[in-house]
1. In a helix (DSSP H, G or I), at pLDDT 95 or above, in contact with a helix residue (DSSP H, G or I) (Cβ under 9 Å, 6 or more places away or on another chain) and open to solvent by 10 Å² or more (accessible area, probe 1.4 Å) - does that describe any residue in the range 73-91?
2. Tally the residues that are buried (at least 17 other Cβ atoms within 10 Å of the Cβ) and within 16 Å of the chain's Cα centre (by Cα), restricting the search to the range 183-207.
3. Which of the residues that make up the range 92-145 are within 17 Å of residue 35 (Cβ to Cβ), open to solvent by less than 10 Å² (accessible area, probe 1.4 Å) and in a loop (DSSP other than H, G, I, E, B)?
4. Could you figure out which of (1) more than 23 Å from residue 87 (Cβ to Cβ); (2) touching a Phe, Trp or Tyr at 6+ places or on another chain (Cβ under 8 Å) isn't true of residue 187?
5. Give all pairs with beta carbons closer than 7 Å in which a residue from the range 70-97 that is free of Cβ contacts under 8 Å to residues at least 40 places away in the same chain meets a residue that is open to solvent by less than 30 Å² (accessible area, probe 1.4 Å) and part of a helix (DSSP H, G or I); count only pairs at least 6 apart in sequence or on separate chains.
6. Name the residues in the range 213-254 that are without any contact (Cβ under 8 Å) to a residue 12 or more places away in the chain and either touching a strand residue (DSSP E or B) at 6+ places or on another chain (Cβ under 9 Å) or of a type in the set (Asp, Glu) (or both), would you?
Amino acid sequence: MENVLITICGRAGSKGFKNKNLKIFDGHPLSYYSLSAAQIFMKQHPELNVDLCLNTDSDLLIDVVTKCYPEVTVLHRPEELCGDLVPKMMVYQHSLRQMEALKGKQYENLIDLDITSPLRQEQDVSGAYALKKSRPELDLVFSVCPSRRTPYFNMAKLENGYAKRVIDHHFTARQQTPPVFDLNASIYVFGRKFLLENETGFLWDGKIGMYEMFDTGIIDIDSEEDYRLMEAIAHYLYGAYPSFGTVQTNIREDKP
């Protein structure tokens, strides 16, 4: 039986949006949407041995998560992994090493579900995992959405006071440009070997596959404006697309 580790990671501090990991999103704690998606994945894959862990330095987040999901293993994030410039890859590595030591087993794959990307369809986590399994050469699969803008045609950078192309090219129409995608920070599926051997913290060192998600739910909550807009989008998606609503209705209710 294959061992899979699902991680939920969140820091106590957030300069862009204070206490964003503790927010209530459409009636439920924000973290519960990722926990619900993890539970759906586990129900869809009884053939897997799946463990779930929370990696954090926030006592408040620990209290929120373990109140309704007591089976989650809590990993206390060390101070050296809590800085703004610490690569997320190092947190994944810490989670994998700690859980393997605690559980006495190796995990073939690690799946990370970002707390601040709550909008997933019920098939998304399984879809990203299936892509990783179907292509053994891949070190990593991450989720993406089709980009509404392209660095080839309608993005610019500033150099010495002048607007410059982000990518050097001579396209004259958007239709000539290759398709590009937004990384929506929702789902990551790592192979064990790449994750443990990586020393740079740089995702692009590996061979990467892309799992394409529904393009409306791409906002990663990092500000009050993101939060309000995402809730409005969520209300629409829950009503129009039952596969989004399934993740919300699967959330465990707090029992007094």
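1. yes
2. So the answer is 10.
3. Passing the criteria: 115, 116, 117, 118, 119, 120.
4. (1)
5. 73/99; 74/62; 75/95; 81/91; 94/81
6. 225
The values are calculated or read from the model by the stated rules, or taken from the named source; none is laboratory data. This structure is a prediction, so every number in the text was calculated from the model and none was measured. Cβ sites come from the backbone with ideal geometry, for glycine too, and all protein chains shown count toward neighbours. Just so you know, the surface numbers come from the protein's heavy atoms only, side chains and all, with ligands and any DNA or RNA stripped out. Shrake-Rupley method; radii C 1.70, N 1.55, O 1.52, S 1.80 Å.
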